[in-house]
Amino acid sequence: MQEKQPKLLLGLGLNDFDRKTIEGAVGHDFALKNVKPEHLSTDQELPSPEASFVTWIPVEIWDKLTETQRKKIMHWETVQKILLLGNSARSHPHPEQYLEMGFLAVLSTPLKAPAIRQALEKAREVKDIYEDILRMTQEISLDREVLARKNAYLEFLNRVMSHAAESLNPATIITQAWQDLNTLFDVSAAQCIFWHPNGDRMDAELFLALHENNQVQEEWTELLLQAAREKTGTRIRSYQLSLMLGPEAGKPIDVDPKPLSPSAGYVSLLPLKAGGSAFGCLALLTPELLRLGKEQRDVLHSAVNHIALALKNALLFREVKIRADHDGLTRIYNRQYFDRRLTEELERVHRYDQDLSILLMDIDHFKNTNDSYGHQAGDKVLKKIGALLLDGLRSTDFPSRYGGEEFAILLPHTNKDQAWKLAERIRQQIEALYFRQQGACFSVTVSIGVAHLDPQNSPKNMDLLFEADQALYLAKAMGRNMVCGSDSMPKNQTIRQAIS
């Protein structure tokens, strides 16, 4: 029997460490051909991609290539490109911009074997999709009826692929998939469930069409949770529900409760897979039992595979974005994202003449808490306060961990009196909390500074954050565990100057 030939991987200027790491991760199924950096000079032709499966390009090599060379590489349509982003990546564009250029993935160095294998699996999935399209194209006969049908399927797959790649929002991808699949056969509704392990349990996230009838949502919820239990063999302990709007923004997908009920037709459960394992399920409600020919089944299989890949990318992007924008301990926004949001809100204030208030809050004597009860107790306090802010504020409010034991809260459309009342309520709620650590019971208090920007009366150059910081300093100087406003401060003088 003829020995199976390894698939070719092409490296453009890989260093020895990255080359050996890739070779060790891919095993004997792949052969890596690495082109040395000196062979990539501007006066030489680029190597032919031949039958390369994936090309690995370090960012420092990419930066040295001419624009003509870059365009030529990006025109290697059958070869997937993976960029290796080193530790000096701060001077480079965001990874998303490289993905928009046409790179399949952006991997950070030093490379890790799991990330390499995951990128190859992703390349294999994309290749399979392209091969499906190519195979369908090659099968087109001269018969005009068959040709028209094949072209329609090809256009359908191209449309699905294009639409799925337009968004990184799972709800948008699912809603668009419903509209696209509805052109292949009648689809009354599309719902979705994702699951992921969380320690020794399984959590889930459901995306359901927004509906006025709660009973219909409950029916779909039970059906999807049951499907997840059967697919995973594990009981779902907790789940999160997200409601999707229809094609017309702000309107439910359907207002008649009967057509959307799972009992009003036939439900087809299509597994969503990435990397060879299922991570979710797409549920299609059809008015009649699906009876698809082989061609339609193949087309549906290819379409769902690409939808699954787009959904997996969207979920991973959301996870990375949450980690980048949120504080890991308290689960609320971090300082970096707060600064960006403050700039946006200040622009909105001056554009639309809207009120904006800010609370700057500091836990009193937090160092004493850590010293007396340990840093685990301090972390417990920070987590609890973060949860209290998430649960107790409006959806338009913006709580963040400003640094250490300091929290900042942006309050759009909030005047001075409303901000003061909210600050006092938060102060009282925190004061009423009790914590236990190794048999000891303790409580904490906070000092809060309030600043308000009135677009009609406040100076245009007013530094809202500075005003809140001054008010916070006053609250701490006056004895702590209180709320102070920036309007309580002496004019033309900072608090530190006034009390020194």
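The values are calculated or read from the model by the stated rules, or taken from the named source; none is laboratory data. From a predicted model like this one, the values you see are computed outputs, not experimental measurements. For neighbour counting, all protein chains shown are included, and Cβ atoms are generated from backbone atoms with ideal geometry for every residue, glycine included.
At a glance:
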| quantity | calculated |
| --- | --- |
| Tally of residues being of a type in the set (D, E, K, R), part of a helix (DSSP H, G or I), touching a helix residue (DSSP H, G or I) at 6+ places or on another chain (Cβ under 8 Å) and under 24 Å from PHE103 (Cα atoms) across region 150-169 | 1 |
| Tally, over region 365-404, of residues that are surrounded by 17 or more Cβ atoms within 10 Å (Cβ to Cβ) and among the hydroxyl-bearing types (Ser, Thr, Tyr) | 4 |
| Selection count where residues are closer than 11 Å to VAL54 by Cβ, in contact (Cβ under 8 Å) with a residue 40 or more places away in the chain and touching a helix residue (DSSP H, G or I) at 6+ places or on another chain (Cβ under 6 Å), scope region 105-131 | 1 |
| Which listed residue, of GLU96, GLU60, is assigned to a helix (DSSP H, G or I) and modelled with pLDDT under 85 | GLU96 |
| Among residues of region 441-463, those that are surrounded by fewer than 21 Cβ atoms within 10 Å (Cβ to Cβ) and out of contact with any Ser or Thr (no Cβ under 8 Å at 6 or more places or on another chain), counted | 13 |
| Any pair with Cβ under 7 angstrom, 6 or more apart, that starts in region 147-170 at a residue that is under 16 Å from ARG135 (Cβ atoms) and in contact (Cβ under 8 Å) with a residue 60 or more places away in the chain and ends at one that is polar (S, T, N, Q) and in a helix (DSSP H, G or I) | LEU157/SER302 |
| Residue list for region 412-466, filter: assigned to a loop (DSSP other than H, G, I, E, B), within 33 Å of the chain's Cα centre (by Cα) and either at pLDDT below 90 or of a type in the set (D, E, K, R) (or both) | ASP463 |
| Elements of type helices (runs of 4 or more DSSP H) in region 286-390, at least 1 residues being modelled with pLDDT under 90 and within 23 Å of GLY485 (Cα to Cα) | 335-352 |
| LEU84 modelled with pLDDT of 85 or more and more than 32 Å from the chain's Cα centre (by Cα) | no |
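Yes or no, residue by residue, for (1) at pLDDT 85 or above; (2) buried (at least 17 other Cβ atoms within 10 Å of the Cβ); (3) among the small types (Gly, Ala, Ser):
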residue: LEU245; (1), (2), (3): no, no, no
residue: LYS251; (1), (2), (3): no, no, no
residue: ASP254; (1), (2), (3): no, yes, no
residue: PRO257; (1), (2), (3): no, no, no
residue: SER263; (1), (2), (3): no, no, yes
residue: TYR266; (1), (2), (3): yes, no, no
residue: PRO271; (1), (2), (3): yes, no, no
residue: ALA278; (1), (2), (3): yes, no, yes
residue: ALA283; (1), (2), (3): yes, yes, yes
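Yes/no per residue for (1) touching a helix residue (DSSP H, G or I) at 6+ places or on another chain (Cβ under 6 Å); (2) outside the structural domain of GLU319 (by the TED database); (3) within 25 Å of ALA164 (Cβ to Cβ); (4) surrounded by fewer than 17 Cβ atoms within 10 Å (Cβ to Cβ):
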position	(1), (2), (3), (4)
ASN182	no, no, yes, yes
ASP186	no, no, yes, yes
ALA189	yes, no, yes, no
HIS196	no, no, yes, yes
ASP203	no, no, yes, yes
PHE207	yes, no, yes, no
GLU218	no, no, no, yes
GLU222	no, no, no, yes
GLN226	no, no, no, yes
